[in-house]
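Shown next, in structure tokens, is the structure this report addresses.
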Amino acid sequence: MKDHERKFLEDTLAHHSASIANELREGFGTEEIIEDRNTLTDNGGMWVRGYLTGWLTLIRGCSTGNPNISPDDIAEIGTLVDEHGGRIAGEVYS
């Protein structure tokens, strides 16, 4: 993943966690997506990973013409979700 792509995804998690939480609430019951006020469930975390993967493919496709992502990209997205998942869980909880 390129630096600007990672920065975009980090900014998305940092500045749009409330919007992401609202999207999660619309599709799932609270018990399905958060374990506690600071922890997403596996289902919640996977949903956020899919959300970010969609953004990455869009950004990459628009900037390079090739929207393909690699296993390393998926792993890096997982790391981002692990780092920022507590913020999203907190928004869902509130």
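The values are calculated or read from the model by the stated rules, or taken from the named source; none is laboratory data. This structure is a prediction, so every number in the text was calculated from the model and none was measured. Backbone-built Cβ (ideal geometry, glycine too); neighbour counts: all protein chains shown. For the accessible areas, the whole protein counts, side chains as well, though only heavy atoms, and no ligand, DNA or RNA atoms are used. Shrake-Rupley method; radii C 1.70, N 1.55, O 1.52, S 1.80 Å.
The figures follow:
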read-out	value
Between helix 71-93 and the chain: long-axis angle, C-alpha atoms, 0 to 90°, nearest 10	30
Residue-span extension gain [Lys7 to Asp42] - 0.36 nm each, minus C-alpha spacing	10.2 nm
Which of Ile34, Leu56, Gly78, positive extreme of dipole for the chain (C-beta unit charges)	Leu56
Test item: Cα-centred dipole of the chain, Lys/Arg +1 and Asp/Glu -1 on Cβ, debye	300
For the chain, calculated [θ]222 nm from helices alone, where every DSSP H run of n ≥ 4 adds -39500 (n - 2.57)	-25500 deg cm²/dmol
Cα long-axis angle, helix 3-15 against the chain (0 to 90 degrees, to the nearest 10)	20
Listed residues Met1, Met46 arranged by accessible area, highest first, probe 1.4 Å	Met46, Met1
Within the chain, longest stretch free of exposed trypsin sites (Lys or Arg not before Pro) [DSSP loop, at most 14 other beta carbons within 10 Å]	38-94
Accessible surface of the chain, 1.4 Å probe, proportion on carbon and sulfur as whole %	49
Heavy-atom surface of the chain, accessible at 1.4 Å and reported per residue (Å²)	57
The chain: angle of helix 17-27 to the longest principal axis, Cα-based, in degrees nearest 10	70
Farthest toward positive dipole pole in the chain [+1 Lys/Arg, -1 Asp/Glu at C-beta], among His15, Ile88, Gly65	Gly65
